[in-house]
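Here's the structure, in structure tokens; my notes come after.
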């Protein structure tokens, strides 16, 4: 019985990728209908064996080979206006790649009062000679050489690892400006390499900053400017193997440097998945997820990172910390995994993690629902949570995001599809009386056993109907999710035209969701006005996750900064005010992005003095010399 | 719409209690058929209002009024042999109360080689004059008096709070022996009282030991004999209000001294429940659950304590620790709730907790399945876990426990039911060919929406059938769960006849479940033999919880100690060997009982030196003078 399951699993695996595959280019002649997406991995990468380190891994040691040095993601992928003045997404990696996006220009100009004639492009080339020479700790380097662990102190490698993706970090890079950089980059290949590195760093008082995917949006990766010791960026990307898969216990033991897309692709080869799909999964690493308490799109099925991990191993200045047992749940005093989860690189390097895996879902179905208003959408989500029948993913965007989503529609080759779209719009607005300036959309994803998915779907749509919701088709749903991975490229595009922005998030009890959405959006608009922003900002939100006792709300905020002498400072003030507004409305400091250095100032207020004291006491014990000196959290 | 739901909820509430009600005496004429049990609370207690402190609360300040001083539970409830030599369960509180248990005598004598002529009764009365005079810290007492917080240093009050329910503790009490006792007992009424007490204790260097339900089985409540300071037992039982219920967010804010049965009963009045039903729920407290990382029978629906809590407030020597936000899930560094959960009274006193609540289930259905062997039963449970379709509760007992369960069957007034039982046995053993010495039973509980329960039931029974399982009726299932609350009384009964025993538990990955069951049971038998136990011990196990990556296994171990000069020492050696065997087989130190002082010796091995160091660093920061000096964990 087991072998039958395995071979059918293998068969399914060869023909099936999870949502991440949705960003791969579809063959030109394929049917546009979108039920379960079937894409082969081979089109981009060769089939890989578990245990093979470099084959089929996304992130090379020299990231600059494929990634941008001063913006998000792959170098070959970006939004731009082509010679005809049409917005286009370049490259070949994504569903959207190579497509014209006809409505983007008007939306962009209209929303931001931007003018395509006013361009402020980024510094195109990293000027290595402008990079300060590294401060090397000679004895450390000497001892390191004898370990054989690869390292570099080349300018490009250092610049690459000097930042995450906070606005101020990217803005500075685009201007060719560099702050404090790591002096060296080291690429351990395995846990034992990390042990050696940490020992040497302790011995020679070198500052270590673990670097996973580099996708932090909390200034976590910024090198503290006051740090006088040599800073070493410990890049985990080459420590990326799946060491074993345990089909009896449905677990996998994985090195922490593996990035999300590789982890899922490799597991898929065996018919499994973790189902952990943060929006950053193309580049973010397992170690980073543990360090920041990451959350994935399909957490309703697979859980957040704290639900997914069974065993964690971390190297600290005091030694290796790990439990001796792989039991599913224990009472052995306070759970030490929770001293590691969320430690944001301040205590050590996570090297290996045992995660739960699941058989890949048999069936996936997207969906979307249009609501007459955001209020009704939220009420529907709350009821879905109350009935504990949430799909794998359900996200509710406000009216502005609905319009934004519309602006990102690629040009369709089929007149028929345009016609259908038009029909749909007519039906929703004129026939059903939805106000196009109030309506909002929820995108849904169901997955699992086909029969149960269809039952489940019915239950959710029935609830939606009670709140005035109208099913709006699978394609709208799937497009919403497909856009997940290209949205991040938009900021670089905006920044070419004097538009800066960021997303930030919170978690909040159900009864405060509407207030927090309304108040924070209004506060953003007010603050921008006060600070001289000349065109009203984009201030929008979506509810992206639901729980029994509340939800995760994501805000997107962007504005045209022409006329401002210090746009980043204005941005930071507005963001800070928004966070104060969030806290005042009962929202948390963060649902999953973490604290980094960006939100340190609110730690005492949000976890209490005693809480901060506890965290400090752990830090002082584990790392008395602040070897892990990124200065996050405290 | 909301009010309709509320009135129907109220209606349901008046007629419905959760499983806990199963232990209440049924009216004599009621139908023996057992679908959803409908019992009224009023028969035992008056209807109570939320916020009212003393009405309808189980635990009086003077526990001795209703509870045994040297054994488990209520004074009026016990197993004994009546004048006719029949086993009987006394009192009026439980389903089993007042019933004859015809098979118990033979089973007991046969299993343990016990002889009812050989009786070793407990010391009946607590000899107050044998109790050492208290060591009072005079200035502390003086300042305490001015707070108005009730306290006592009477012998009975002190003895009551000097122990939990480890074998050695009860054995000693039965012999009228006392170890180190608390010198005083204090009964705070609210959080602010606790703040005052802790401040005074810090000021005057008094040792505080928080006391919730007193049900610890890890020696957590034992007073350290080397403690020379005055020991004060901080009894939370009178701090027991539900402060508010939030129907929008489905949460309730509750004082930590409330015990499980009161919490559920009070919430039921409003149509809600937490669904947290540890076997100790009659007496264990919310604060105790938080302190020990408790797990409840129906965690498959409601979650374990870490899933149930939204907000925790704890008073420590450093001050009050609490988050500022009630958000459902956050990333603000390591989760401070997890510094509190499992701290086992070493860091402070938990005073108030916000817990998730759920509407009471519309429908409940019990069930049972007989398997040809334990192996097949485990395989079935593993498949149920793999398919993620576990009922509210599913427990698999081994063959010995099946027989034991049979021994506990009350005498039925109906010949018809006996006949049915006989028919069933015939069908299962003769007709279906199950070996009565190999077969085992799983008891099940489903609850929720009626339609979905029936669907769910079918799915589970279909899986069971694949593993040779045979549905064996709801009454067997319900009896199994009903016995949950009377099992604990059996130990006192056993101890009357030279039989001592204990239960202990672990969590273990799925692929080690069978090994651990076999090896630990065998080890127990071997160790007993080596140590001169004359009659083979009862060594039995059950799988009581399931998770994605493993299960919780409970061992029951008891033996006849006649002929042994130091039976408790023998017991402790065997238990220790059993725990070594558990660890060697990949099991954890504890799934939910915790570490206390009983399992401290394995902490380094199981959470690593760095883990222990982290826990110590937190303790040293929060409580540098070891005010919370129960010396658990470290």
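Every number here is computed from the coordinates shown, using simple stated rules; none is lab data. Only a predicted model underlies this, so the values are computations on that prediction, with no experimental measurement involved. Backbone-built Cβ (ideal geometry, glycine too); neighbour counts: all protein chains shown.
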Principal axis dimensions, chain A - Cα atoms, whole angstrom, descending: 75, 69, 51
Taking just the alpha-carbon atoms of region B:533-607, what radius of gyration and Dmax come out, in angstrom? 14.1, 46
Report the per residue volume, in Å³, of the convex hull enclosing the C-alpha atoms of region A:111-242. 140
On alpha carbon coordinates alone, what is the Rg over Rh value for region A:564-634, Rh being the Kirkwood radius? 1.06
Working only with C-alpha atoms, what are the Rg and Dmax values of region B:453-558, expressed in angstrom? 16.9, 53
Scaled to the compact-protein estimate 2.2 N^0.38 Å, what is the alpha-carbon radius of gyration of region B:299-352, rounded to two decimal places? 1.17
Thinking of region B:419-512 as a set of Cα atoms, what percent of all their pairs are more than 21 Å apart? 56
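Based on the Kirkwood radius over alpha-carbon pairs, what value in µm²/s does the Stokes-Einstein equation return for the translational diffusion coefficient of region A:40-194 at 4 °C and 1.567 mPa s?
Translational D for this selection: 69 µm²/s.
Per DSSP H run of n ≥ 4, the term is -39500 (n - 2.57); total these for chain B, divide by its residue number, and report the mean residue ellipticity at 222 nm rounded to 500 deg cm²/dmol. All intermediate terms of the calculation are to be shown ahead of the outcome.
Details: 19 runs with 219 residues, N = 634.
Calculated mean residue ellipticity at 222 nm is -10500 deg cm²/dmol.
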Determine the principal axes of the Cα atoms in region A:74-126, then give the extent along each, sorted from largest to smallest and rounded to whole angstroms. 30, 29, 19
Mind jotting down the three principal axis lengths of region B:233-351 based on Cα atoms? Whole angstrom, largest first. 37, 35, 25
Treating the point 7 Å from Cα along Cα-beta-carbon as the label, what are the nm separations from residue A:136 to the other copies, to one decimal? 7.4
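Taking N as the number of residues in region B:491-634, what value does Rg over Cα atoms divided by 2.2 N^0.38 Å take?
1.17
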Once the Cα gyration tensor of region B:312-427 is found, what semi-axes does its equivalent ellipsoid get, as square roots of 5 times the eigenvalues, in whole Å, sorted largest first? 45, 19, 16
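Restricting to the protein assembly as shown, what percent of DSSP beta bridges are antiparallel, rounded to 5? Kindly include the intermediate steps, with their values, before the conclusion.
Values: 133 of 149 bridges.
Of the beta bridges lying entirely in the protein assembly as shown, close to 90 percent run antiparallel.
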Give the percent of DSSP beta bridges with both residues in chain A that are antiparallel, rounded to the nearest 5. 90
Largest first and in whole Å, what are the equivalent-ellipsoid semi-axes of the protein assembly as shown based on the Cα gyration tensor, each being the root of 5 times an eigenvalue? 54, 35, 30
How many angstrom lie between the Cα centre of region A:585-620 and the Cα centre of region B:565-582? 45
Ratio Rg/Rh [Cα only; Rh per Kirkwood] for region B:170-289: 1.04
Inter-copy label distances at residue A:423 (7 Å, Cα→Cβ; nm, one decimal): 6.1
If all Cα-Cα distances of region B:161-209 are sorted into 10 Å bins from 0 onward, what percent lands in each bin, rounded to whole numbers? 22, 38, 25, 15
Per the Debye formula with a single identical scatterer at each Cα and no solvent contribution, what log10 I(q)/I(0) holds for region B:470-532 at q = 0.23 Å⁻¹? -1.06
Can you list the distances in nanometres, one decimal and ascending, from the residue B:616 label point to the identical position in each other copy, with the point 7 Å along Cα to Cβ? 2.2
Mind checking which chain B residue has its Cβ closest to the axis relating B to A, and how many whole Å off it is? B:338, 2
Treating every alpha carbon of region A:63-104 as one equal point scatterer without solvent, the Debye formula yields log10 I(q)/I(0) values at q = 0.25 Å⁻¹ of -0.84
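Output the Kirkwood hydrodynamic radius of region A:503-544, Cα pairs only, in Å rounded to one decimal.
The Cα-based Kirkwood calculation yields 11.3 Å.
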Where the convex hull is taken over the Cα atoms of region B:108-163, what is its projected area averaged over directions, in nm²? 6.5
